[in-house]
Number of protein chains: 2
Amino acid sequence: MPSESGANLLARLRELAAFSDEPGRLTRLYLSPAHVAAAQYVRAWMQQAGLDATIDAVGNVVGVLEGGTSMQRVLTGSHYDTVINAGKYDGRLGIVLPIAVAGHLRRTRLRPPFTLEIIAFAEEEGVRFKSTFLGSRAVAGCFDSSDLASIDASGTTLADALRAAGHDVSAIPAIARDAAQVACFLEVHIEQGPVLLDAALPVGVVTSIAGSVRSIVAVEGRCGHAGTVPMALRRDAAAAAAEMVLAVERRCSEQPGLVGTVGRLEVPGGAINVIPGRCEFSIDIRSGSDALRDAAAADIGAAIRSIAERRHVKADQRRVLEAASVPCAAALQDAWAASVLRITGHPAMRLPSGAGHDAMMMASLTAVGMLFVRCGNGGISHHPDETLSTADAETAARVFQDFLLHFQVSP
Amino acid sequence: MPSESGANLLARLRELAAFSDEPGRLTRLYLSPAHVAAAQYVRAWMQQAGLDATIDAVGNVVGVLEGGTSMQRVLTGSHYDTVINAGKYDGRLGIVLPIAVAGHLRRTRLRPPFTLEIIAFAEEEGVRFKSTFLGSRAVAGCFDSSDLASIDASGTTLADALRAAGHDVSAIPAIARDAAQVACFLEVHIEQGPVLLDAALPVGVVTSIAGSVRSIVAVEGRCGHAGTVPMALRRDAAAAAAEMVLAVERRCSEQPGLVGTVGRLEVPGGAINVIPGRCEFSIDIRSGSDALRDAAAADIGAAIRSIAERRHVKADQRRVLEAASVPCAAALQDAWAASVLRITGHPAMRLPSGAGHDAMMMASLTAVGMLFVRCGNGGISHHPDETLSTADAETAARVFQDFLLHFQVSP
């Protein structure tokens, strides 16, 4: 890669960030005018890089760099939709970087010995229609046609939004790739967390994409007058919940590779002079290892029951989500690690992904491998403060190029 | 007292509960049509009991049983307004019970050697105009004329509401009693808590009305993705707040006569998959002893600072209220205790009042003494589940009558 490639990548990511549904901040929801225009822009970049580029029936932008004689292709990509008030790198780095590398390879006639397909997935965040991964689902053959009836906040169905953007809904099933013709799926993505930053490393190899269990807990105690009920006679739902929140934190801090979060916490209708009779909170537990996660969830459930019993309150625990973790293929992890060692001179750090990614869906089609790139600002993401350094972008591009040049597909 | 007096008291309290602003539940806000009608009803009861009864310029109903030759009167009473969706006993027991006792004394010619004035205060709860104790403020000479400009939810001023109910606003200052002509103020009130219930005692003597300090605490940490930030790198505002909530509970449980409550607790805009960047909660600390309360507030403030420092979050503590406690006169406590012993055969339990009462305002005019009566249902109050047994109502009436027959005023 030429030495200015990091700066070029960041310049392109800034350009892409100009396509927004809202003035003054970046929001690009699936099939909005800005989203449709961004797809055209990405296709033009692919074409400039010398790729055959098309837009499919869900809005995925697909660029192909032909090469080798194998019937198996290597797929790579990430998504170009955003959350509301987003940063500039989430998803889009995994589109812009492969296009730049493919363009460089074509210009320098260093083509890899296989066909490379770069996919800019149209939808991953699930903001507009509350269905996530619509782009990668279609490619992986997991698109659920019942999702076409999903409506957005204004009542428009997904089917109507697709038609309004000029898409042929009946062509969606044909987007699905034939697994026999796919060697693997690769995704380059910002880490969206502080682990690489903390370890002072530019890139890392993802071991697995964490599964999660989510619960809603409702604690019921006994409300009372804040002045008249002695402490020993209280059944304070908020104090009980506070103890439970700390139990989640403590249990998930005991083992690496495990995280637990209480993101929602509320005394509904709470008043300054009333002992809370009810307190509600959410629990989200994740791990790259389902066994680790399930053991933690079981221990936390038991701790909540025990706290409730001791405090004479009721705690209703309702599980609202249970998703298995998705492992990254060991051979791909090793191949990434070898490239990281060759390019950076340091052994690769391996780390799980706590967030979901398109690779999660693609795993139902083929082996997946992910490269994480360091974020700045404490690892903040889904926020305008999301950062990526030019040096790290360039390192990631060099690692990706090295990977492609060393990777072997079946003949 | 005749043996059916408890049942009669409860029947009258049920009758009075029929005056409501809302069908199906009891809500009687200051100067509503139901409130004005209730005042007429209370005046009629006073007249039936043989008292001289009038309604003053803020809506207080005043009944006088003349007696003795002293220029000093004994005042007693409580309030007849209610909270929204109230119970039947809060405030009103302290009106209905003295009327019944005065009627009995008059009929049996057992008059106390002083003039007894029973006041049904028009406003104590502060629901409609957000100003509390309007009735007892006027009697104690603490009515603040700037309150006349207070508006209710519909924009009506207090002054206009008073005029609409037929009151002469200019006559309010004349309601204030001359301290030299008042021997003391007595208030009989349900406990609104579980202490007497827990001690299996029908009545108790109030030592003081608790003062309170109230604060709002805003914890600021760092928001983040629930999947991607390892536990050790988090600055979770909700987990920090949870530890602070337990610090309030622990410190206030260490000493009797002290209570601390976190009534509001919220992660604003919390989401199940986001590490809370902010968490807000309230603290209400009360004690009959200001020194005890202030020491606890200082320790809790320090604990919050220390938790915040250790967790690398900011905690902004803002004090929103500081009210001194009001002691009940020792001589009146002893007089109540003597009556309790004579009537029940057991030494009186003495306990602080955690809630505010009209006696708090009346303390600025004269010595105050309060008798608490046991609540059922765990001591619940400000709620339709508020209960009072006929036996306890009767015991309280006998204690009150005994008090009046033994109490001496200056000649």
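Only the coordinates and a few stated rules stand behind these numbers; no lab work does. These figures come from a predicted structure and were not determined experimentally. Reconstructed Cβ throughout: ideal geometry from the backbone, glycine too, with neighbour counts over all protein chains shown.
Below is a table of values for the structure above.
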{"quantity": "For chain A, fraction of C-alpha pairs farther apart than 42 Å, in %", "calculated": "20"}
{"quantity": "Cα centroid separation - segment A:211-268 against segment B:303-362, whole Å", "calculated": "28"}
{"quantity": "Excluding exposed DSSP-loop GluC sites (Glu not before Pro) (at most 15 other C-beta within 10 Å), longest clean stretch of chain A", "calculated": "A:67-253"}
{"quantity": "Net charge of neighbours whose Cβ lies under 13 Å from the Cβ of A:SER325, counting Lys and Arg as +1 and Asp and Glu as -1", "calculated": "-1"}
{"quantity": "Footprinting exposure proxy for B:ARG350, B:ARG214, A:ARG234 (fewest neighbouring C-beta atoms within 10 Å first)", "calculated": "B:ARG350, B:ARG214, A:ARG234"}
{"quantity": "Net charge, A:THR132 excluded, C-beta distance under 12 Å - Lys, Arg +1, Asp, Glu -1", "calculated": "-4"}
{"quantity": "Estimated translational D of segment B:211-323 in µm²/s (Stokes, Kirkwood radius over Cα pairs; 20 °C; 1.002 mPa s)", "calculated": "149"}
{"quantity": "Residue (of B:ALA393, B:GLN181, B:ASN377) at the positive-pole extreme of chain B, dipole from beta-carbon charges", "calculated": "B:ASN377"}
{"quantity": "Residue-averaged beta-carbon neighbours from other chains (10 angstrom radius) around B:380-386", "calculated": "3"}
{"quantity": "Reduced Cα scattering model of segment A:1-158, Debye log10 I(q)/I(0), q = 0.10 Å⁻¹", "calculated": "-0.36"}
{"quantity": "Debye log10 I(q)/I(0) at q = 0.14 Å⁻¹ for segment A:99-171, Cα point scatterers", "calculated": "-0.58"}
{"quantity": "Label geometry 7 Å along the beta-carbon vector: B:ARG14 inter-copy distances in nm", "calculated": "8.0"}
{"quantity": "Ascending list, in nanometres, of distances separating the A:SER154 label from those of the other copies (7 Å, Cα toward Cβ)", "calculated": "4.1"}
{"quantity": "Antiparallel content of DSSP bridges confined to segment A:58-193, in %, to 5", "calculated": "35"}
{"quantity": "Computed Rg/Rh of the protein assembly as shown, alpha carbon atoms with Kirkwood Rh", "calculated": "1.16"}
{"quantity": "Nm distances between copies for B:ALA180, ranked from closest, using label points 7 Å along Cα→Cβ", "calculated": "11.3"}
{"quantity": "Cα extents of segment A:175-216 along the three principal axes, largest first (Å)", "calculated": "40, 37, 17"}
{"quantity": "Of all chain A residues, the one whose C-beta is nearest the axis that brings A onto B, in angstrom", "calculated": "A:ALA242, 2"}
{"quantity": "Ranking of A:ARG43, B:ARG163 by count of other Cβ atoms within 10 Å, fewest first", "calculated": "B:ARG163, A:ARG43"}
{"quantity": "Per residue, the convex hull volume that the Cα atoms of segment A:179-252 enclose (Å³)", "calculated": "186"}
{"quantity": "Kyte-Doolittle mean at least -0.5 and Cα axial length at least 20 Å: DSSP H helices in chain A", "calculated": "A:33-48, A:93-107, A:237-253, A:290-310, A:330-344, A:390-406"}
